[in-house]
Amino acid sequence: MSEGKRKLIALVGGGAAAVLMPLVASWEGKSNDPYRDIVGIPTVCYGETRVEMRRYTDAECEELLANALADYAAPVLKRNPELKGHDAQIAAATSLAYNIGPAAYAGSTVARRFSAGNWAGACDAFLMWKMAGGRIVQGLLNRRKAERQLCLRGLS
């Protein structure tokens with residue numbers, strides 16, 4: 001097992017990591033070569049923007065994803081420690097933070113509703129994050145619907 005996966009599992013747990021990595025990978029897609037995303041940001045692998053823009057191997061992309069998800073899960077859990085042990089909700093929240101950034105997540109209605117104990121309301125608030133470049137993007141709306149469904153899993 002890679003160091004990045006060990007780091008992610010230590011932070012969110014094995015169940016959440018097993019859901020989180022394929023979830024984000026499926027929505028981000030993978031390009032081993034750098035490209036510009038929908039709003040023009042240089043990106044590589046599974047939506048990574050914080051690394052050198054060069055060609056990466058499949059194994060390097062997977063390691064970058066695991067490390068990045070741990071880096072995004074940490075501020076999610078700092079903002080919403082009540083998510084610890086709730087695999088579906090932490091996976092959904094980390095996927096959202098990976099896409100919108102930890103600062104945006106921290107100030108979001110999603111985070112505030114989790115803190116207030118309104119978990120179903122927090123899951124519904126995922127749908128607010130459907131825009132890029134000032135317009136609704138169907139792919140983002142589809143992703144938010146999938147994250148919302150995951151977030152609702154196991155809630156009464």
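The values are calculated or read from the model by the stated rules, or taken from the named source; none is laboratory data. This structure is a prediction, so every number in the text was calculated from the model and none was measured. Note that each Cβ is placed from the backbone with ideal geometry, even for glycine, and that neighbours are counted across all protein chains shown.
Which numbered condition trips up residue 54, out of (1) touching a Pro at 6+ places or on another chain (Cβ under 8 Å); (2) closer than 18 Å to residue 77 by Cα?
(2)
List the pairs whose first member sits in the stretch 63-87 and is more than 11 Å from residue 20 (Cα to Cα) and at pLDDT 95 or above, whose second member is polar (S, T, N, Q) and surrounded by fewer than 21 Cβ atoms within 10 Å (Cβ to Cβ), and whose Cβ atoms are under 6 Å apart, counting only residues at least 6 apart or on separate chains?
Within 6 Å, the pairs are 63/2.
Go through the stretch 27-62 residue by residue and tally those that are within 21 Å of residue 93 (Cα to Cα), assigned to a helix (DSSP H, G or I) and either modelled with pLDDT of 95 or more or not acidic (Asp, Glu) (or both).
The qualifying residues number 2.
Please work out which residue is farthest from the chain's Cα centre (by Cα), limiting yourself to the stretch 44-66 and to residues that are of a type outside the set (D, E, K, R), within 19 Å of residue 102 (Cα to Cα) and surrounded by fewer than 19 Cβ atoms within 10 Å (Cβ to Cβ).
If we take residues in the stretch 44-66 being of a type outside the set (D, E, K, R), within 19 Å of residue 102 (Cα to Cα) and surrounded by fewer than 19 Cβ atoms within 10 Å (Cβ to Cβ), then 51 is farthest from the chain's Cα centre (by Cα).
Residue by residue through the stretch 106-130, note down the ones that are assigned to a loop (DSSP other than H, G, I, E, B) and either under 16 Å from the mean Cα position of the chain (by Cα) or at negative phi (or both).
107, 108, 116, 118, 129, 130
Quick check: anything in the stretch 113-128 at pLDDT 95 or above, under 22 Å from residue 50 (Cβ atoms) and of a type outside the set (Ser, Thr, Tyr)?
No.
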